[in-house]
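Visitor: Below: one structure in structure tokens.
The values are calculated or read from the model by the stated rules, or taken from the named source; none is laboratory data. For clarity, every value in this text was computed on a predicted model and none was experimentally measured. Only protein heavy atoms, including side chains, enter the accessible area calculation; ligands, DNA and RNA are left aside. Shrake-Rupley method; radii C 1.70, N 1.55, O 1.52, S 1.80 Å.
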Amino acid sequence: QVQLVESGGGLVQPGGSLRLSCAASGSILSMYAMGWYRQAPGKQRELVAVITSGGSTNYADSVKGRFTISRDNAKNTVYLQMNSLKPEDTAVYYCNAHGTYSTTYSGFTSWGQGTQVTVSS
């Protein structure tokens, strides 16, 4: 089993910054990709950013130029630096990871419990 623990959410004023962290633990042989999704009230969950083990990244158009995803492969940790935050960035942010179990060598997809980000004056 793989657990993802997120931290770093909170309340910030428009134009401010936050940094989210997500640490994966458990029976992990390898981690292919880690990423962040978000879900605002009344809306579907959407991809924010993803990063592969090789460092390739992909971002939603709405966050390009403002958010930066990075990871520490040795720690199985992914970060999301969010700058120039807007009220429309308000959502619950979920960490996501795809990898291989060290016990069974089968693939897994895991989700974190979510962390609230609120952008408001």
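Visitor: Identify, please: which residue in the range 26-45 is within 15 Å of the chain's Cα centre (by Cα) and open to solvent by 30 Å² or more (accessible area, probe 1.4 Å) and is, among those, nearest to Tyr59 (Cα to Cα)?
Guide: Out of the qualifying residues, it is Tyr37.
Visitor: Considering only the range 48-73, how many residues are open to solvent by less than 60 Å² (accessible area, probe 1.4 Å) and either assigned to a strand (DSSP E or B) or at pLDDT below 95 (or both)?
Guide: Result for the range 48-73: 12.
Visitor: Within the range 74-121, can you find the residues that are open to solvent by less than 40 Å² (accessible area, probe 1.4 Å), within 14 Å of Ser7 (Cα to Cα) and among the polar types (S, T, N, Q)?
Guide: If the condition is that a residue be open to solvent by less than 40 Å² (accessible area, probe 1.4 Å), within 14 Å of Ser7 (Cα to Cα) and among the polar types (S, T, N, Q), then Thr77, Asn96, Thr115 are the ones that fit.
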